Amino acid sequence: MTSTVQRETFGSRFGTIITMIGVAVGLGNVWRFPYMVGKFGGAAFVLFYVLVAVVIGVPALMAEYALGRHTRRGTVGAFAAGGLPFGRQLGWVFFCVVIAATGYYTAVIGWVLYYALGQGARGLGLTLDAALILPPDHGFVARSFVLQLACTAAVDLACALVLLKGLRAGIERASKIIMPALFLILLVLVVRSLTLPGAGEGVRWFILKFHWADLTPSVMLAAIGHMVFSLSLGGTFMVVYGSYLSEQENVARPAIWTVIGDTGASLLAGMAIIPAVFALHMHPTQGPGLLFFTLPRVFAAIPMGWLFGLLFFVGLGGAGYLSDVAAFEVLVAGLTDNTRLTRTRAVWLMAAAVFLIAIPPTINNAIFVPWDLTFGSGMQTLGALLAVLTVGWCMHRSTALAALSAQGSRPVPMWLYYWIRFGIPAGILTVGIWWLLSSVFGG
């Protein structure tokens, strides 16, 4: 049983672009990108990442936007309408995956919220150990668990309140406020970072010290994998948001601007974090600890550090929040598209489901880490692969070309269609195999 309610579309071109950028920009840009740069060779990773964001990211986004707009459905319905075998069943599988992924992602945004409170408390001369919210490696710590539940509930409620207002009055309006504020915060942090003594070495390592020998296969595959993660490819978020595009919108335009905005946010975050870390004789390779252990030490060591720490964690929370809203929208659209539930009931039902599913990974890292690997990186890569296969192989060629083009405009060139059909699936499949070997089997 499907809904017959008229599908809402974006209110303006600016609203379309800023919302799409808001989906892509999230915790991965501000935390994961600097960490990946630190782990995979500095400038070599950065330059190759920018290349693959253009060569693979833009066409892959176009494919997901086209699939959503052509079918006017989210994950549940789009694969089936696009002709993918067992598409409806796979759509519901990804619906469940998004619930699981949104649960732990909402919890992490709760951590960021608590760290922002910690920085604000420092400014008031109070002591608040923000690290108390982090889950233990093993076992169970009641204080951490309760703090996580409280902050997760706050983020969950904030997402629901925006979603209740719908696309234009809720998601699009929130994106227009939060995204410009985020970029302004990043610019302020970049200026402060670059004015620290010794920051120049971090800049040179980040973008200037390129050596061909550093561009190894593992660096290239890591860059492609992070691109899939950062742009929110996965046959879910961007398919749903693509279903809200007008027929007159050329899918290339929001795809290009999404890559520009997402890559720009990553580069700004890197320039804000890496020079500061180098200036204090640290190194940006500590993984998750970079965000929750290293950076608080950086802010504690610089004048007015609490203010810059507050700005950083507020900006990070805003970026993560918009991505979280997008994840919720995947779930809400899945229900409103395929049942007779009203949007209001679907929002509250999904808010409750996400809160409940967030509980297991908040117990300890022994649960959280494999939860992240399974429902985050792994399934996202599979979803991205299925989305481009649906457009490139399951849809008739003339239908795919029309879906990739704006109504009344010339079709996209054939080379782009064949790149989506052959090149991008090969790249994503290679990354998926590499992820399995490195993250799952430890090869």
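A few remarks follow.
- Accessible area in square angstrom per residue, region 26-104, 1.4 angstrom probe: 27 Å²
- Cβ-Cβ distance of L436 and R297, R₀ of 56 Å, FRET efficiency by 1/(1 + (r/R0)^6): the value works out to about 0.95.
- When both region 74-106 and region 147-225 are represented by their alpha-carbon centers, they are found 26 Å apart.
- Solvent exposure of region 178-225 as accessible area per residue, Å², 1.4 Å probe: 51 Å²
- GNM on the chain, alpha-carbon springs under 10 angstrom: the most fluctuating residue among L113, L356, L311 is L356.
- Accessible-area composition of region 193-233, carbon plus sulfur, in percent [1.4 Å probe]: 70 percent
- Crossing angle, helix 217-230 versus the chain [Cα axis fit, 0-90 degrees, rounded to tens]: 70 degrees
- Residue among G139, L208, L194 farthest towards the positive dipole end of region 93-219, charges placed on Cβ: L194
- Straight-line reach from K165: taking Cα to Cα under 19 Å and skipping same-chain neighbours fewer than 8 places apart, the lysines in range are K176.
- Extension gain, W92 to A150: 0.36 nm times the residue separation minus the Cα-Cα distance gives 17.9 nm.
- Share of carbon and sulfur in the accessible heavy-atom surface of region 113-162 [1.4 Å probe, %]: 70 percent
- The chain: angle of helix 173-194 to the longest principal axis, Cα-based, in degrees nearest 10: 40 degrees
- Partners for K209 among lysines (Cα-Cα distance below 29 Å; same-chain residues under 8 apart left out): K39
- Mean Cβ neighbour count within 10 Å, used as a protection proxy, ranking 7-15, 68-76 highest first: 68-76, 7-15
- Rounded to the nearest 20 debye, dipole of the chain from Cβ charges on Lys, Arg, Asp, Glu: 680 debye
- J(HN,Hα) series, region 125-137, from Karplus relation 6.51 cos²θ - 1.76 cosθ + 1.60, nearest Hz, glycine and proline x: x, 9, 10, 9, 7, 5, 5, 5, 7, 5, x, x, 5
- Using the Cβ-Cβ distance between L208 and T342 with R0 = 60 Å, the FRET efficiency computed as 1/(1 + (r/R0)^6) comes to roughly 0.65.
- From helices alone, the chain scores -20500 deg cm²/dmol at 222 nm; the rule is -39500 (n - 2.57) for each run of n ≥ 4 DSSP H residues, then divide by the residue total.
- Ranked by how many other beta carbons lie within 10 Å on average, peptides 384-395, 364-375 from highest: 384-395, 364-375
- Relative to one another, the C-alpha centroids of region 365-443 and region 240-264 are positioned 17 Å apart.
The values are calculated or read from the model by the stated rules, or taken from the named source; none is laboratory data. Here the structure is a predicted model, which means the values were calculated and not measured. Glycine gets a Cβ as well: all are built from the backbone with ideal geometry, and neighbour counts include every protein chain shown. Heavy atoms of the whole protein, side chains included, go into the accessibility calculation; ligands, DNA and RNA do not. Shrake-Rupley method; radii C 1.70, N 1.55, O 1.52, S 1.80 Å.
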